[in-house]
Amino acid sequence: MVMQQRDMKPFLQIAFVCYNHLIAIATCKISSSSGKMKAWTRREAVLRLEERMAKGEPVIDPNFVPADVIESMVPPEGDWEEEWLRAQPSVRSDTKSKFYTQVSP
């Protein structure tokens with residue numbers, strides 16, 4: 001049994017290295033293709049904006065989502081709004097930035 005494990009060690013090392021190389025190559029391929037997609041989406045957005053402007057339509061369609069759909073998703077008014085806002089870090093008055101603070105011993 002011990003002899004078989006020793007015989008497998010070089011094979012497992014090679015398999016590990018090959019697997020890592022495969023992951024690295026796949027990552028490079030994915031990242032390079034996402035850059036092409038970014039350029040395409042930007043070009044497509046500009047084309048659609050130019051098309052809307054040529055037709056005299058507003059750049060942002062105010063009726064993209066119907067008002068009745070929006071109304072069905074908005075919760076009723078109540079005390080929860082104030083509580084929710086108080087819990088947000090951007091509007092809390094009792095919090096201070098903890099960046100670049102020195103800890104005294």
remark   = Row for region 32-71, column shape: gyration tensor on C-alpha, a ≥ b ≥ c, rounded if a/c < 1.5 i.e. under 1.5, prolate if a/b over b/c, else oblate; value oblate
message = Show me the ranking of peptides 46-57, 61-72 by mean Cβ neighbours inside 10 Å, starting with the highest.
response = 46-57, 61-72
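To the nearest 0.05, what FRET efficiency results for residue 27 and residue 79 with a Förster distance of 35 Å applied to their C-beta separation?
With a Förster radius of 35 Å, E is 0.10.
Let me check I've understood the local charge: for residue 58, count other residues with C-beta under 14 angstrom from its C-beta, Lys and Arg +1, Asp and Glu -1. What total comes out?
Residues close to residue 58 contribute a combined charge of -1.
Just so you know, all these numbers are worked out from the coordinates, no wet-lab data involved. Keep in mind the model is a prediction, meaning the values are calculated, not measured. All Cβ positions, glycine included, derive from the backbone under ideal geometry; neighbour counts span all protein chains shown.
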